[in-house]
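Below is one structure, written out as structure tokens; comments come after it.
Rule-based calculations on the coordinates, nothing more; no lab input. Being a predicted model, the structure only gives us computed values, none of them experimental. Cβ sites come from the backbone with ideal geometry, for glycine too, and all protein chains shown count toward neighbours.
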Amino acid sequence: MEHNIDLSRYAIRTDLALEAHELVQEQQSASDVMPGVRIETDDSERGIKVTRLQVETEEAGRTIGKLPGHYITIEVPKLRDNDTAVEEQVARRFTKEFAAFLERLGITEDKKALVVGLGNWNVTPDALGPMVVENLLVTRHLFTLAPESVEEGYREVSALSPGVLGITGIETSEIVFGVVEKSKPDFVICIDALASRALHRVNTTIQISDTGIHPGSGVGNKRKAIDKQTLGVPVIAIGVPTVVFASTIVNDAITYLLGHFGQSMKESSRAFNKLAMSSLPERKEPYTEEDLPDMESRKTFMGLVGSLPEQEKQQLIHEVLRPLGQDLVVTPKEVDDFIEGVANVIATGLNRALHRAVDGQNSAAYTH
């Protein structure tokens, strides 16, 4: 008997193009090369991994579920530590990557920018956009009211935090469209909180893309797009994953357990239940297939679930939790400190990239 069951609502969601690419590779058991997708990794700077992914064709975009365009992913595991030195290092790298991104798009120093901080300032994990806007160096009013006071090296920048539909009763895209129509910027930068499909990327990753943004898409509240097609000017999206689904936590917890068992078995010949805590190997994140025990051991530890391929395991967990209303959207308890820190990092990077006169020596004067 043929069963036509729509499982699309149980699909694993991610706002990161890198994760979408990884998902398709897992499903197809593909190699690193995927037709229509060009990917390049740079880990030359210690503690920072930059992945540049380009979706070249419409077909490739449909395959991974992302629009054709350029995506840059900056991964910094230490970003969770709220370390000032790490944040300054990330701000410098973000400035470099974003300036190169503008150059690739042909956006010169004389082009006017509108920065839109998307999100709900009353909800901490969704307050990234408004917090970045608070720390931006805005200059449009100076160019308009006192152009003689503006020194060389500054660009015309305006900023807006439009709130969310539940606060204003107006679609965010409509507000942004109206502002763009009146202020006539040459390009728009949208900043928003994202959702990830992997625990190790929450609060550690920054994504830059030139394909625009769908406010609320990470938690399933997809609104009208803010992109070049709707606004008529280039739209650059900047996002940080601050939330993760409960199904992802369950799935990753199983993987971490198996990885822990696998590493412990390799490090010691003694039975697992007799291992002393002092002899356990240092844990690392994320675990790869090489870190996991063999298939027979996985079945012993976790039964049938442990032997499922990664994609099928996560899909199963999602299908179980979603109908019960238990696939909650979760954020780490340290999100208050993290949001403030990463907002400062992005604002500092934007101030430096947008204004040539702002550098590592004076950027702190424009943020708090």
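Worth a mention:
- Formal net charge of residues neighbouring GLY306 (Cβ-Cβ distance under 9 Å; K, R +1; D, E -1): +3
- Label-point separation, PHE143 to ALA99 (7 Å along Cα→Cβ), nm: 1.9 nm
- Kirkwood radius, the range 39-125, all distinct C-alpha pairs, inverse of mean reciprocal distance: 15.6 Å.
- Working note: Karplus 6.51/-1.76/1.60 with θ = phi - 60° gives the range 51-62 the couplings 10, 9, 10, 10, 8, 8, 10, 4, 4, 5, x, 5 Hz, where Gly and Pro are set to x.
- Environment charge of PHE143, counting only residues whose C-beta is closer than 12 Å and scoring Lys/Arg +1, Asp/Glu -1: -1
- Projected-area average for the range 115-156 over all orientations - Cα convex hull basis, square nanometres: 3.5 nm²
- Measuring between alpha carbons in the structure, the pairs from LYS96/LYS228; LYS266/LYS299; LYS66/LYS112; LYS78/LYS266; LYS112/LYS182; LYS49/LYS78 lying more than 20 angstrom apart are LYS96/LYS228; LYS66/LYS112; LYS78/LYS266.
- Near LYS111, once Lys and Arg are set to +1 and Asp and Glu to -1 for all other residues with Cβ below 10 Å from its Cβ, the sum equals -2.
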